[in-house]
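Note sheet for the following structure.
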Amino acid sequence: MNKNFKRDRFSRREKFFRKERMQKGIYILPNLFTTASLFAGIYAIIASIQGNFIHAAFAIPISLILDGLDGRIARMTHTTSRFGVEYDSLADLVAFGVAPSVLAYTWSLSAFGKWGWLAAALFTTCGALRLARFNVQIGVIDSRYFNGLAIPAAAIVVASTVLLYFYLGGEGTFPHAAVLAGMVALSLLMVSSIKFYSFKDLHFLTREPFMTVVLAVILMIIVLAEPQIMIFTFAVSYAASGPVWWVLRMIRRLFGPAKGDQPTGAGEIKTETKSESTP
């Protein structure tokens, strides 16, 4: 009897200390992908400073892919954690806030003096505010829509613009006022309250009609055939989708609306817990 009691007590203590070690530690696999995304962002910064604009621009989409994988892996392996959430946000700020700003500044904005670095600083600042707002609004707004342009989407617009420039035969830097205006516009979109579709209600592991798979394959072929053009087209179209929908919504309100002035479910509250993924 005494031996069984001691054995049970030892078993409980072992479980307690094992649980404590798990809580104090971190999950390796998802955080490795977050770290890889951070490395890609740092590489983009260094490449921009060295004048390797194409390498820097390619590093940002690579960082986006890695950033998307960490959250999915965390959910699939049930290894989500508060540490991963915070680490992911910090990595996002570097990869999608600082890296695009440095790329835009070295490629174009440096020609505009103080206005150039102020535009770059504005992009990073608004990106940080966007991430902070996203973190505190989890479970408060409908998860199918972003409140403001997501920082990775804004970063891809910058990177794809640089890639398209060199793909079309451009050389060296591009000191054009359109880049300055674009950086300011992207910054304001990130901190706006305009709704953007989040694609979070799409499920790739469920059964879909055959034609859906065919269309997905066709789309993939088109992107692979002309990646610079297609990535730029998708990125700019997505960034413009929010303001376009907002304008249409205002027109419907002014000229006889009542029904359908919001996308389905945009006014509903849908709670969601954030895993180790990007806003």
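The values are calculated or read from the model by the stated rules, or taken from the named source; none is laboratory data. The shown structure was predicted, so the numbers you read here are calculated from the model rather than taken from an experiment. For neighbour counting, all protein chains shown are included, and Cβ atoms are generated from backbone atoms with ideal geometry for every residue, glycine included.
Quick rundown of the values:
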item	result
L149 touching a residue at least 12 places away in the same chain (Cβ under 8 Å), buried (at least 21 other Cβ atoms within 10 Å of the Cβ), among the hydrophobic types (A, V, I, L, M, F, W, C) and not in a helix (DSSP H, G or I)	yes
Checking D88 against (1) closer than 30 Å to G169 by Cα; (2) in contact with a helix residue (DSSP H, G or I) (Cβ under 6 Å, 6 or more places away or on another chain); (3) not β-branched (V, I, T), the condition it does not meet	(1)
Filtered residues of region 222-254 (kept if more than 21 Å from A159 (Cα to Cα) and either hydrophobic (A, V, I, L, M, F, W, C) or in contact with a strand residue (DSSP E or B) (Cβ under 8 Å, 6 or more places away or on another chain) (or both))	V244, W245, W246, V247, L248, M250, I251, L254
Scope region 37-68; condition of a type in the set (G, A, S), under 15 Å from the mean Cα position of the chain (by Cα) and at pLDDT 90 or above; matching residues	S37, A40, G41, A59, S63
Candidate set from region 77-121 (those that are farther than 13 Å from V158 by Cβ and among the aliphatic types (A, V, I, L, M)); member that is surrounded by the most Cβ atoms within 10 Å (Cβ to Cβ)	A91
Residue in region 96-104 that is assigned to a loop (DSSP other than H, G, I, E, B), of a type outside the set (A, V, I, L, M, F, W, C) and at pLDDT 95 or above present	no
Subset of region 167-176 (residues that are touching a residue at least 12 places away in the same chain (Cβ under 8 Å) and farther than 14 Å from S48 by Cα)	Y167, P175, H176
Residue in region 108-127 that is out of contact with any helix residue (DSSP H, G or I) (no Cβ under 8 Å at 6 or more places or on another chain), outside any helix (DSSP H, G or I) and either within 29 Å of P30 (Cα to Cα) or at pLDDT 90 or above (or both) present	yes
Sole exception among (1) in contact with a Phe, Trp or Tyr (Cβ under 9 Å, 6 or more places away or on another chain); (2) over 29 Å from P175 (Cβ atoms); (3) of a type outside the set (S, T, Y) for L64, by number	(2)
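Matching residues to (1) surrounded by 14 or more Cβ atoms within 10 Å (Cβ to Cβ); (2) acidic (D, E); (3) at pLDDT 85 or above:
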site: P175; (1), (2), (3): yes, no, yes
site: V191; (1), (2), (3): yes, no, yes
site: K195; (1), (2), (3): yes, no, yes
site: D201; (1), (2), (3): no, yes, no
site: V217; (1), (2), (3): no, no, yes
site: P243; (1), (2), (3): yes, no, yes
site: A258; (1), (2), (3): no, no, no
site: D261; (1), (2), (3): yes, yes, no
site: S275; (1), (2), (3): yes, no, no
